[in-house]
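**Q** Before I ask anything, let me first share the structure, which is written out below as structure tokens.
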Amino acid sequence: MIDHLSIQCSDVAKSSAFYDAVLAPLGGTRVLDFGDVIGFGVPPTPDFWIGAQTTGEGFRETHVAFSAPNRAAVDAFFDAATASGAVVLHEPRTWPEYHDDYYGAFVRDPDGNNVEAVCHVPE
């Protein structure tokens, strides 16, 4: 149902380095790069975009959950995020309150957004 999602960043270079690192284990990469606006996704489709903050004032947290093909990819996302200095919200684990096979990890991106990698496949 969602074609694409775009978030605004206070520092595009810092955020793009973060997303380069954490999306790689999930199969994501830069698909389009216009310098101040970057589209990530699984080629050829950019479905997650970042760009400089141009509207609004202050910060409003966004939650973005990226699909992982397996639990190892969630773990690799988490490792890449923590290696880049991300604040840990929740280490990788199952979340039975969502459903028995929900395996996710949650971190903060450079702007403080809640970024998750999640796998819905049984172990």
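Readers should treat all values here as calculations from the given coordinates under stated rules, not as data from a laboratory. Fair warning: this is a prediction, and the values are worked out from it, not measured in the lab. In this analysis, Cβ positions are derived from the backbone assuming ideal geometry, glycine residues included, and neighbour counts consider all displayed protein chains.
**Q** Please identify every one of the chymotrypsin sites (Phe, Trp or Tyr not before Pro) in the range 1-57 that sits in a loop by DSSP and has no more than 10 other beta carbons within 10 Å of its own beta carbon.
**A** Those satisfying the criteria are 34.
**Q** Run the numbers for residue 42 and residue 57: contour at 0.36 nm per residue of separation, minus the present Cα-Cα distance, in nm.
**A** Between residue 42 and residue 57, full extension yields 2.2 nm more.
**Q** Give me the percent of DSSP beta bridges within the chain that run antiparallel, rounded to the nearest 5.
**A** Close to 70 percent.
**Q** Net charge near residue 18, counting Lys/Arg +1 and Asp/Glu -1 over other residues with Cβ under 11 Å of its Cβ? Could the numbers behind the result be given before it?
**A** Values: positive: 14, 108; negative: 11, 20, 109, 111.
Around residue 18, the charge tally is -2.
**Q** For a bin width of 5 Å, list the pair-distance distribution of the range 23-75 built from all Cα-Cα distances, rounded to whole %.
**A** Using 5 Å bins, I get a P(r) of 5, 17, 21, 21, 18, 11, 5, 1 for the range 23-75.
**Q** What is the sum of charges around residue 74, taking Lys and Arg as +1, Asp and Glu as -1, for the other residues whose C-beta is under 15 Å from the C-beta of residue 74?
**A** -4
**Q** Still on this structure, please answer the following. If I take the Cα coordinates of the chain and project them onto the principal axes, what are the three extents in Å, biggest first?
**A** 41, 32, 30
**Q** Put +1 on the Cβ of every Lys and Arg and -1 on every Asp and Glu Cβ in the chain; which of 103, 1, 35 then has its Cα farthest towards the positive end of the dipole?
**A** Comparing the listed Cα positions along the dipole, 35 ranks first.
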